[in-house]
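The values are calculated or read from the model by the stated rules, or taken from the named source; none is laboratory data. Treat the numbers as computed from the prediction; the structure is a model and nothing was measured. Here the Cβ positions follow ideal geometry from the backbone for every residue, glycine too, while neighbour counts run over all protein chains shown. Protein only, heavy atoms only, side chains kept; ligands, DNA and RNA dropped before computing areas. Shrake-Rupley method; radii C 1.70, N 1.55, O 1.52, S 1.80 Å.
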Amino acid sequence: TDEGETKRAIERAVEVGITCFDNAAGYGLGRSEELMGQALAPYRRDVVVVTKCGLTWDAVKKRLFRDSTREAVIKGCEDSLRRLGMDYVDLMLVHWPDPETPFEETMSALADLRAQGKIRYAGVSNFMPGMMEESLRHLDIVANQAGYSIFERRVERDVLPFCEAHGIGLMTYGSLAHGLLSGTMTEETEFENWDWRATQNAFGMPLFRQGFFQRNVRTADRLGELADGAGMSLPDLAAAWVLGRSTVTTALVGFRTPTEVDAAAKATDRELPTDLLEQ
């Protein structure tokens, strides 16, 4: 990634009216927060900054592991603030549920951070309804970040209805199905060996595995034809589809360049007609 271009992309996002910027301590092991903090410094009062805690780097095993203990949450927040160069974050999310730590302990730490003014609101990421229900007993969480796209609809079973019933906003990641709905892939697309899509399932779904991938690209091509017939691009269609769900407050789309920002921002002005949704 060209870091200079990344900063210009963030600045361009502010220019075109994007107000929510999502990050995590685990992205680039903190480098992502540093870059975003530098780029957003002049616009701090005009934007909502989101980051995540609960993943800790193991230097020996060279991997991130889940750690939502009180100590890890407090230290994670302070480290994120230092990297971002900010006094507070608008929303702090617990990145993944930690099965070894009681939710009461995690939520108590977030409540203290909020009382100290280091975070304005608290939320979770990748939490199932039972986990959110337990968390709500100890803290009023306002958001859950989860995977959601035309290809990834598991949250419709229970996560989305729970969020709707409890006034919790759904922030979606993978809105473009990790690139499948970007309009740039073909059945011959191959991924570099450092790209997780080359070897892993996409959060439990075999979107990119041999056989599945080729079929999914063909589906994306048909969706692209529908989008073209409606006078929009495939990414526009994909993002607008997600944003059309009333419980969805934010459709997250990754970007590296100003051009990608301009393309993504168009989707906020789209409203999909009923017949297109049915197709």
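Just a few scattered comments:
- A simple count of charges around THR249, restricted to other residues whose Cβ falls under 14 Å of its Cβ and scoring Lys, Arg +1 and Asp, Glu -1, yields -2.
- Per-selection Kirkwood Rh - segment 152-240 (Cα, Å, 1 d.p.): 14.5 Å
- Accessible area in the full protein assembly, largest first, 1.4 Å probe, for TRP196, TRP96, TRP241: TRP196, TRP96, TRP241
- Accessible solvent surface per residue of the chain, calculated while the other protein chains remain in place, 1.4 angstrom probe, Å²: 52 Å²
- In segment 232-279, the trypsin sites (Lys or Arg not before Pro) that fall in loop regions by DSSP, at most 14 other Cβ within 10 Å: ARG256
- Of MET205, MET86, MET36, the one that fluctuates the most in a GNM where the chain has Cα springs shorter than 10 Å: MET205
- Dipole magnitude of segment 136-279 about its Cα centre (Cβ charges: Lys, Arg +1; Asp, Glu -1), debye to nearest 20: 460 debye
- Reachable lysines, given that their alpha-carbon falls under 26 Å from the alpha-carbon of LYS62 and they are not under 8 places away in the same chain: LYS52, LYS75
- Of LEU55, LEU29, LEU181, the residue with the greatest mean-square motion in the GNM of the chain, using alpha carbon springs below 10 Å, is LEU29.
- Both radii come from the Cα set of the chain: Rg as radius of gyration, Rh as Kirkwood radius; their ratio Rg/Rh reads 0.96.
- Inter-part distance where segment 76-121 and segment 190-228 are each reduced to a Cα centre, Å: 34 Å
- Here the dipole of the chain is about 440 debye; that uses its Cα centre as origin and unit charges on the Cβ of Lys and Arg (positive) and Asp and Glu (negative).
- Principal-axis tilt of helix 212-229 within the chain, Cα atoms, nearest 10 degrees: 70 degrees
- Carbon and sulfur %, accessible surface of the chain computed with the full protein complex present, 1.4 Å: 48 percent
- Highest-MSF residue in the chain out of PRO258, PRO97, PRO206 [GNM, Cα springs under 10 Å]: PRO206
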